[in-house]
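The values are calculated or read from the model by the stated rules, or taken from the named source; none is laboratory data. These figures come from a predicted structure and were not determined experimentally. Cβ placement follows ideal geometry from the backbone for every residue including glycine, while neighbour counts extend to all protein chains displayed. In case anyone asks, the SASA skips ligands and DNA or RNA and just uses the protein heavy atoms, side chains included. Shrake-Rupley method; radii C 1.70, N 1.55, O 1.52, S 1.80 Å.
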Amino acid sequence: MNEQRNNNNKKNYLIFAIISLVLLLVFNAFIVPAVKKAQIKETNYSFFLKQLDAGTITQAEIKDDSIVFEVKDEDGDKKLYSTVKIEDPDLVSRLYKNGKVDFTGKIEHENPIVTFIFSWVLPIVLMIVLWNVLMRGMSKRMGNSMAFGKSNAKIYVKAQTGKTFSDVAGQDEAKEALVEIVDFLHNPQKYAEIGASLPKGALLVGPPGTGKTLLAQAVAGEADVPFFSISGSEFVEMFVGMGAAKVRDLFKQANDKAPCIVFIDEIDTIGKKRDGQLGGNDEREQTLNQLLTEMDGFDGKRGVVILAATNRPDSLDPALLRPGRFDRRIPAELPDLAGREAILKVHAQKIKTEPEIDYNAIARATAGASGAELANIINEGALRAVRSGRQTVCQSDLEESVEVVIAGYQRKNAVISQQEKEIIAYHEIGHALVAAKQKDSAPVHKITIIPRTSGALGYTMQVDEGEKFLLTKEEALARITTLTGGRSAEEVIFNSCTTGASNDIEKATQLARAMVTRYGMSSGFDMIALETVNNQYLGGDTSLACSPETAARIDEEVNSIVRSAHEKAKRILMENIEKLRELSSYLLEKETITGEEFMAILNRKPAPEQV
Ligand code: ADP
Ligand code: MG
Ligand code: ZN
């Protein structure tokens, strides 16, 4: 490793020396003569003769094609002139006759120190400055590739990350697995006595924002051993081979500092499957190969533990995942209800809140949110409190910020005509009413027709009582029916439809499609996987695995599911058309209503005269 770096350094110096030499030559050949020339003034021959007669010339240098001479004026200042040399046989005798002229053949018109500075010191100084500027510019642009294979892993020790396991809420399984690793680094002999050897590497996998990086930092905080942290992208270099050199350097440093932890964040940037395609990414493959070699090479008993994090485990090279390398997988999943509540509480400790905050309610409203989003919700709540000039954060701040994170900020000054507002109100009440009239649907929590920056013109929030892990077929159908409720209301009341339902349509189709292709919930197909999910942690896009004929049948199935849901929604609304009108005009007036208000009006007996 050192040899490698020394070689690189030698190469650098050689390049530097060559550049210096070339510059020096250029300087002496062109710039120094030019500077000298600037000191000499060009004149004609008659001026020379005149000065000669006047006796002011003190020296003359007669060259092959020119005469350089020195004139002393009345003040005693000496000036250099040069003139063309004209064939003049009397010249020498004339000079001789004059007597005063010193025609030695060469005039010492240069100050030797100045010349030395110009031709040697200045170029070298310039070059050093240039070299430094270039180096700095390059290292900025190319992420230190000129550091030539030196890994720039940050070394963390306990005090520096400042994170401990108490900062990570939920994620109990992940913490348990990591605690074991920390324990191993503290008491290796306990494990050695039994003969157990700990996994060399552990891979943290999970969707973005679930606290993978945070967990690794917490390990660093708890472990009390050196902690090297580097991101996968830092290995990827402009020059082929540099990434591999960095891996080597990183592992050498780690071996010197053992016991220690090496953390490679976003390992999928270098750990992607090698596909052997022509023109594949050579650099990345070399880096990966080096990583594989290094992980085999070091002794697990010395106590170097490698952690890595990724949200694309399916794209990793199988060689990385085999036992002896990253053989342990630590999942960091999206938090459940209890986890969300705990995460909210951890982050709420950092802000000033009113004493009684119902975190459970916030957690219930944020199903599917990641730790990072929950942290963001708390912060948005604090910002809102500041904006409205309060000292502490209250429940409504947090509830509003849930909506901000889900749907964006309120667009208070959006101008929407009364007619459009009416349509939007009917649309939202349509959703809510259809939801409320089905028994497999989550209760309505809030309805609003205040537009949001995400483009939503209004929305209906449904919040489940508890945590749901399974979705029954009835619930799925109820959800699709609720989604079609908005459009249905428009049709029932105005007998027309608007573009406002596009998002509902998208969601309904997605769910209906999943029911057919992945959940085996349609009448037309049995338990057949017609689609596979590609990367479960990042959006979960799917790819179809069936014949074109089957694909056409899938589309039919999906269409029939959505159609029957749509019809059911319309039927529900027709049956409750009075309530639909009553609730919509109430919403139009209030703009935002709670689930309780909604249910109160819905369950109210109709006015006596209408009976
Ligand atoms: P990733 O899994 O994408 O690496 P990070 O670890 O960077 O996610 O998490 C981003 C932020 O989200 C953290 O800094 C933290 O504030 C918050 N966060 C995520 N998960 C948790 C958790 N389980 N407990 C507390 N905070 C969390
Ligand atoms: Mg991360
Ligand atoms: Zn809608």
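Scanning the stretch 363-374 for residues that are modelled with pLDDT of 90 or more and in contact with an Asp or Glu (Cβ under 9 Å, 6 or more places away or on another chain) gives a single hit, ALA363.
Looking at the structure I just gave you, is PRO335 open to solvent by 50 Å² or more (accessible area, probe 1.4 Å) and either within 16 Å of ligand 2 (Cβ to nearest atom) or more than 25 Å from the chain's Cα centre (by Cα) (or both)? Let's see the steps before the verdict.
On the way: open to solvent by 50 Å² or more (accessible area, probe 1.4 Å): no; either within 16 Å of ligand 2 (Cβ to nearest atom) or more than 25 Å from the chain's Cα centre (by Cα) (or both): yes.
Taking the combined requirement at face value, the residue does not satisfy it.
If the condition is being within 15 Å of ALA565 (Cβ to Cβ) and among the small types (Gly, Ala, Ser), then the stretch 472-508 contributes ALA476, ALA478, GLY485, GLY486, SER488, ALA489, ALA501, ALA508.
Where residues in the stretch 377-423 are closer than 29 Å to PHE494 by Cα and without any contact (Cβ under 8 Å) to a residue 40 or more places away in the chain, which of them is surrounded by the most Cβ atoms within 10 Å (Cβ to Cβ)? Here the residue is GLU420.
Just a yes or no: is a residue in the stretch 265-272 among the aliphatic types (A, V, I, L, M), within 16 Å of ligand 1 (Cβ to nearest atom), at pLDDT 80 or above and within 19 Å of ALA174 (Cβ to Cβ)? Among the residues of the stretch 265-272, at least one is among the aliphatic types (A, V, I, L, M), within 16 Å of ligand 1 (Cβ to nearest atom), at pLDDT 80 or above and within 19 Å of ALA174 (Cβ to Cβ), which makes the answer yes.
Could you list, ordered by first residue, the pairs with Cβ atoms under 8 Å in which the first is in the stretch 516-527 and of a type in the set (D, E, K, R) and the second is in a loop (DSSP other than H, G, I, E, B), at least 6 apart or interchain? Pairs that qualify, where the first residue is of a type in the set (D, E, K, R) and the partner is in a loop (DSSP other than H, G, I, E, B), are ARG518/ALA529; ARG518/LEU530; ASP526/GLY520. The residue of the stretch 509-548 that is nearest to SER560 (Cα to Cα), among those that are of a type in the set (Asp, Glu) and open to solvent by 60 Å² or more (accessible area, probe 1.4 Å), is ASP526. Counting only helices (runs of 4 or more DSSP H) that sit wholly inside the stretch 167-224, those with at least 3 residues that are assigned by TED's automatic domain parsing to the domain that holds ILE261, touching a helix residue (DSSP H, G or I) at 6+ places or on another chain (Cβ under 6 Å) and more than 9 Å from ligand 1 (Cβ to nearest atom) are 172-186, 212-223.
Within the stretch 584-603, the set of residues being touching a helix residue (DSSP H, G or I) at 6+ places or on another chain (Cβ under 7 Å) and farther than 14 Å from GLN462 by Cα comprises SER584, TYR586, LEU587, LEU588, ILE601, LEU602. Within the stretch 352-376, track down each residue that is of a type outside the set (Gly, Ala, Ser) and open to solvent by 40 Å² or more (accessible area, probe 1.4 Å). Correct list: LYS352, THR353, GLU354, PRO355, GLU356, ASP358, ASN360, ARG364, GLU373, ASN376. Condition first: within 26 Å of ASN289 (Cβ to Cβ), part of a helix (DSSP H, G or I) and either within 16 Å of ligand 1 (Cβ to nearest atom) or open to solvent by 30 Å² or more (accessible area, probe 1.4 Å) (or both). Can you find one or more residues in the stretch 241-251 that meet it? Within the stretch 241-251, one or more residues are within 26 Å of ASN289 (Cβ to Cβ), part of a helix (DSSP H, G or I) and either within 16 Å of ligand 1 (Cβ to nearest atom) or open to solvent by 30 Å² or more (accessible area, probe 1.4 Å) (or both).
When each of ARG604, ARG571 is tested for being modelled with pLDDT of 90 or more and surrounded by fewer than 18 Cβ atoms within 10 Å (Cβ to Cβ), the lone residue that passes is ARG571. Contact map, the stretch 199-225: first residue under 23 Å from GLN536 (Cα atoms), second residue open to solvent by 20 Å² or more (accessible area, probe 1.4 Å) and of a type in the set (Phe, Trp, Tyr), Cβ cut-off under 7 Å, separation 6 or more or different chains; pairs are GLY206/TYR537; PRO207/TYR537. Please verify whether SER233 is surrounded by fewer than 19 Cβ atoms within 10 Å (Cβ to Cβ), not acidic (Asp, Glu) and not in a helix (DSSP H, G or I), treating the condition exactly as stated. No, not satisfied.
The residue that is nearest to THR366 (Cα to Cα), counting only those in the stretch 407-437 that are within 14 Å of ligand 3 (Cβ to nearest atom) and either among the aromatic types (Phe, Trp, Tyr) or at pLDDT below 80 (or both), is ALA407. Scan the stretch 302-332 residue by residue and report those that are crowded, with 16+ Cβ neighbours inside 10 Å and of a type in the set (Ser, Thr, Tyr). THR310 - this is the single residue of the stretch 302-332 that is crowded, with 16+ Cβ neighbours inside 10 Å and of a type in the set (Ser, Thr, Tyr). Residues in the stretch 182-221 that are charged (D, E, K, R) and more than 14 Å from ligand 2 (Cβ to nearest atom) were compared, and the one that is surrounded by the fewest Cβ atoms within 10 Å (Cβ to Cβ) is GLU193. Only strands (runs of 3 or more DSSP E) whose full extent lies in the stretch 512-611 are considered here, and the ones with at least 2 residues that are under 30 Å from ASN311 (Cα atoms) are 531-533, 542-544.
LYS439 meets all of the listed conditions (1) outside any helix (DSSP H, G or I); (2) closer than 15 Å to GLU591 by Cα; (3) assigned by TED's automatic domain parsing to the domain that holds GLU582 but one, namely (2).
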